């Protein structure tokens, strides 16, 4: 029977959200899992929140001695575990009881698949989340992201033409992965280190998209469209904070630029075109939202008065 490591990176979690996430894990119909909760040091008391759950021998908790950041925390979880199937669960989100069972069955039935995108809905906890953006994402996924097995190489080429926008594969806690393929995907040379793990340790926002790109270069994808959980959207979430602070606005350009340097002539030309389109998109948004653009510019390139 396949075993699953459930990786739960935390940072200053909302107590109610984290408890509900852990309860959804314990409610899984697939029971051959172990969960590793790894806290990045924060103001919150994560240890007290998770203490009642540690009576379940499958759940362990550790606090990092130093601040690792998003990618570093995701990688610390990965490096501390060993099961052949990996499933991240974020502190805000919820799985339906059949989430793991569905993913494991798919992976067992499709040995050439290294990652499974799991269908889910978005739960808006306040008015800070952009419902319009997420609804648009769901419409695009429905149109361009068919259910079943998807050829990784073909999908990657089509995604490159769209400048890797939007994130069609999904958030990491709604993508179940094979450890073997994760290890093969490695890291780009400029970010590689002995303990780096699978995710780009310094990329601020699109480290999941960057990783899906590397995975799709070596494996196929399965898209499960059934609704199997909820991704919470709220102003305190890392994604929302990064967007407000302008972190990672150049991440997409970094991902595209790698394809300008490698591959066939057609791939390089496509990447150059995608790079230009992304620059134009950024300029368009800057003109459309000049005050926000100025605010982000000041944060990225501090102006001395």
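As a rough footprinting exposure proxy, the listed residues 168, 253 were ranked by other beta carbons within 10 Å of their own, and the order from fewest upward is 253, 168.
Set against the 2.2 N^0.38 Å expectation for a compact globular protein, segment 4-300 has a Cα radius of gyration ratio of 0.98. Looking at segment 4-300 alone, DSSP beta bridges between its own residues are antiparallel in about 30 percent of cases.
Taking max minus min of the alpha-carbon positions on each principal axis, segment 30-172 gives extents of 44, 40, 28 Å, largest first.
Against the empirical 2.2 N^0.38 Å scaling, what ratio does the C-alpha Rg of segment 11-101 come to?
1.04
Taking all Cα pairs closer than 8 Å and separated by 6 or more residues, the relative contact order of the chain comes to 21 percent.
Taking the average, over residues, of other Cβ atoms within 10 Å as the packing measure, peptides 149-157, 130-138 rank 149-157, 130-138 from highest down. For 122, 88, the sequence from fewest to most other C-beta atoms within 10 Å is 122, 88.
Using 0.36 nm per residue of separation minus the Cα-Cα distance, give me the extension gain between residue 276 and residue 32 in nm, one decimal.
This chain segment gains 83.1 nm when fully extended.
Shown is the FRET efficiency for residue 144 and residue 66, computed with R0 = 35 Å from the Cβ-Cβ distance and rounded to the nearest 0.05: 0.30.
Taking other C-beta atoms within 10 angstrom as a stand-in for reagent exposure, 74, 33 fall in the order 33, 74, fewest first.
Quick note: the coordinates plus some simple rules give every number you see, no bench work behind them. Note that the structure is predicted; figures quoted are calculated from it, not measured. As a convention, Cβ positions derive from the backbone with ideal geometry for all residues, glycine included, and neighbour counts pool all protein chains shown.
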